[in-house]
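Enquirer: Starting off with a structure, shown below.
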Amino acid sequence: LGGGTVTYTDTIIIPASLIPGNFGLLRVVAEETTDTAAVTACNTYGNGETEDYRVAFVNPTNDVGVVQIVDPAGSTCAGDSQLVTVQIKNFGSVPQIGVPVTVIISTGGTTAATLNAVYPAIIPAYSTVSYTLQSGFTAVAGNTYTLTGYTSLSGDQSVSDDTTKATLTTNTGSGAPTGQAELCGTDKVYLKATNAGSGQAFWYGSADATTPIVTGVDTSTAVIPTNHTYYLGLNDGATSVGPSNKQVFPSGGYNVFNYNFINFTSYVPVTIQSARLYIAYPGKITFTVAQISNFDTATGNYNETDVSSTTINAYPTYPTPQYGALNVNSTRDTGAVFYLGLSVPTAGSYIIYISTDSASIFRNSNITTNPYPFMIPGVFSITSNSAVTSASPTLYQQYYYFFYDMKIKTSDCPGTSRTAIVAQAATAPVISLSGNVFTSTAALGYQWYLNDSLLVAGTNQNDTAFSNGSYKVVVTDSTGCTQTSNSITYSSSNDGGAISLQAFPNPNQGSFTLDFTVASANSVDVMLIDMLGQVVYHQSYSDFSGDFSKQIYGGNLSSGMYYLKVLIGTKSYVKKILIKR
């Protein structure tokens, strides 16, 4: 350094390998020279000075940053109120409160939304918390977004770790649905969605209805609009379940709850995304999805198999935080949305039970009429809770636990629009007769009847008449509608009178004499047919004419009614034979 007294200032970059809490040696060498390259840590020189300093490496006092975009992540469905959950880490050595948080959402280089918030609680030193910003953005189908999250702590000593980014793709949805509706008679409609895949079909009474008439890919309903028109939507049912807020019911209070639970049924795999919670005192709360057994209403004990769980940092939403029991339902507490991310991987019946260290959470009580179930038809239903005793099995109806405006997410995104489908009247079957063979128009399933009695073996499109009487068929079509055909009366040639058909004795034990007369030479077939339509005896005679008189041995036939059928050429003659062993 030349000429007189000079103050030297520089920035030293600390290597990432250094561990906070360890010590290092800082050497400062001042040497009189015109060659800066000659100044080294270890060297001899003419004029100058070397000083060593013992340096302690410590974490910054004030250092906070967003370390992860928790939700949405990767991909999501389109929506007009997509909330963002971030993870905030206090890298510093002192607790922080009132940390400003910002998330900028951009697409194609343009800012779509800027979300600003202040984390409403203390972040302890060296700890991490998750926080859901309470305002959202519109996620447009087909867009790719960059989410940039950062903190703006005044006096932050290391701004390099303030920011994190994530990429989000918004799915385009499942397109317009297709389906069919069939009016079955006058009081039932069968509905079938034909391109739902693994998704859920919702059938509405209008294009903008919010509550479906019925749900299901293949279903039916007795609700028939006057214009016979249904509006089919895919995966566009409600996404929220439970009361919208705690003021829906007038009474309630806060407490530190452990192992209390709600019962719910999931009809499809879902993720319980978030819920509005009301917290009077801060702490950690763990919510666990489980299946239970051996629930003892006397003690409240049960066995559980855990499925998924999440632990939240529950900051107070009550204006004057208070630990323990607080019997009040104040309008001043508007609650906050907390991200849950609870996975329910298969359909079934479950509970969500709670455990907490110190946090007190709100539940409604003294409800005067049974509020259950709360449901998204075909998706999710909250059915009851753990407030059950041996003496009062319906006590649960007086309570609602914890979760308000619970958001449910399925694996499929909503279709782009609803499709109007007009229910068409089902076409009734028509039968025809050729000889002694009945034929029905095509259908999916058939059941034939003789004189209104079911024919056990009559389940094909064709049916052979063995007895005189009125025949009809009831068919089932591809949608599930069953309809009855016209009736046709079948009459054989005088039921054997034309050939003087006789069989005796009748009843018999499986052996009888068969007599009849054939006027001119013809082929003759003698058959015994059981009630299932199976031929159990068959004998043929060619060019037979004259009187036929033979002993028929049926073998080891079981007791029951049989049809004796004599076929002469193309004409058939039928008589019932009863075998009694």
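Enquirer: Within the stretch 41-81, which strands (runs of 3 or more DSSP E) (wholly inside it) include 3 or more residues that are surrounded by 14 or more Cβ atoms within 10 Å (Cβ to Cβ) and in contact (Cβ under 8 Å) with a residue 12 or more places away in the chain?
Expert: On the way: elements: 48-56, 64-71, 74-76.
Qualifying strands (runs of 3 or more DSSP E): 64-71.
Enquirer: Residues Lys550, Lys565: which one is among the charged types (D, E, K, R) and in contact (Cβ under 8 Å) with a residue 40 or more places away in the chain? Write out each step before concluding.
Expert: Values: Lys550 fails: in contact (Cβ under 8 Å) with a residue 40 or more places away in the chain.
Step by step, each of Lys550, Lys565 is checked, and only Lys565 is among the charged types (D, E, K, R) and in contact (Cβ under 8 Å) with a residue 40 or more places away in the chain.
Enquirer: Could you tell me how many of the residues in the stretch 276-302 are free of Cβ contacts under 8 Å to residues at least 60 places away in the same chain and under 25 Å from the mean Cα position of the chain (by Cα)?
Expert: Qualifying residue count, the stretch 276-302: 2.
Enquirer: With respect to Ile488, determine if the residue is of a type outside the set (Gly, Ala, Ser) and either in contact with a Leu (Cβ under 7 Å, 6 or more places away or on another chain) or at pLDDT below 90 (or both).
Expert: The answer is yes for Ile488.
Enquirer: So how many residues does the stretch 331-341 have that are open to solvent by 20 Å² or more (accessible area, probe 1.4 Å) and either under 16 Å from Asn260 (Cβ atoms) or not in a strand (DSSP E or B) (or both)?
Expert: Residues meeting the conditions: 3.
Enquirer: Evaluate the stretch 114-121: report whether one residue or more is out of contact with any Gly (no Cβ under 8 Å at 6 or more places or on another chain) and within 30 Å of Tyr8 (Cβ to Cβ).
Expert: There is no residue in the stretch 114-121 that is out of contact with any Gly (no Cβ under 8 Å at 6 or more places or on another chain) and within 30 Å of Tyr8 (Cβ to Cβ).
Enquirer: A follow-up question, please. Suppose we filter the stretch 298-309 for residues that are modelled with pLDDT of 95 or more and surrounded by 18 or more Cβ atoms within 10 Å (Cβ to Cβ); how many remain?
Expert: 2
Enquirer: Condition check: under 28 Å from Leu450 (Cα atoms), among the hydrophobic types (A, V, I, L, M, F, W, C) and assigned to a loop (DSSP other than H, G, I, E, B). Does Leu564 satisfy that?
Expert: Details: under 28 Å from Leu450 (Cα atoms): yes; among the hydrophobic types (A, V, I, L, M, F, W, C): yes; assigned to a loop (DSSP other than H, G, I, E, B): no.
For Leu564, the condition - under 28 Å from Leu450 (Cα atoms), among the hydrophobic types (A, V, I, L, M, F, W, C) and assigned to a loop (DSSP other than H, G, I, E, B) - is not met.
Enquirer: Any idea how many residues of the stretch 82-113 are open to solvent by 40 Å² or more (accessible area, probe 1.4 Å), of a type in the set (A, V, I, L, M) and over 28 Å from the mean Cα position of the chain (by Cα)?
Expert: So the answer is 4.
Enquirer: Can you find, within the stretch 259-272, the residue that is nearest to the chain's Cα centre (by Cα) among those that are open to solvent by less than 30 Å² (accessible area, probe 1.4 Å) and within 27 Å of Asp333 (Cα to Cα)?
Expert: Ranking the candidates gives Ile272 first.
Enquirer: Scanning the stretch 311-328 for residues that are polar (S, T, N, Q) and crowded, with 19+ Cβ neighbours inside 10 Å, which turns out farthest from Thr76 (Cα to Cα)? Working first, answer last.
Expert: Start the filter on the stretch 311-328 by keeping residues that are polar (S, T, N, Q), which leaves 311, 313, 317, 320, 322, 327.
Next, only the ones that are crowded, with 19+ Cβ neighbours inside 10 Å stay: 313, 317.
On the way: Asn313: 25, Thr317: 29 Å.
So, considering only residues that are polar (S, T, N, Q) and crowded, with 19+ Cβ neighbours inside 10 Å, the one farthest from Thr76 (Cα to Cα) is Thr317.
The values are calculated or read from the model by the stated rules, or taken from the named source; none is laboratory data. All values derive from a computational prediction rather than experimental measurement. Every residue, glycine among them, receives a Cβ derived from its backbone with ideal geometry; neighbour counts consider all protein chains shown. In case anyone asks, the SASA skips ligands and DNA or RNA and just uses the protein heavy atoms, side chains included. Shrake-Rupley method; radii C 1.70, N 1.55, O 1.52, S 1.80 Å.
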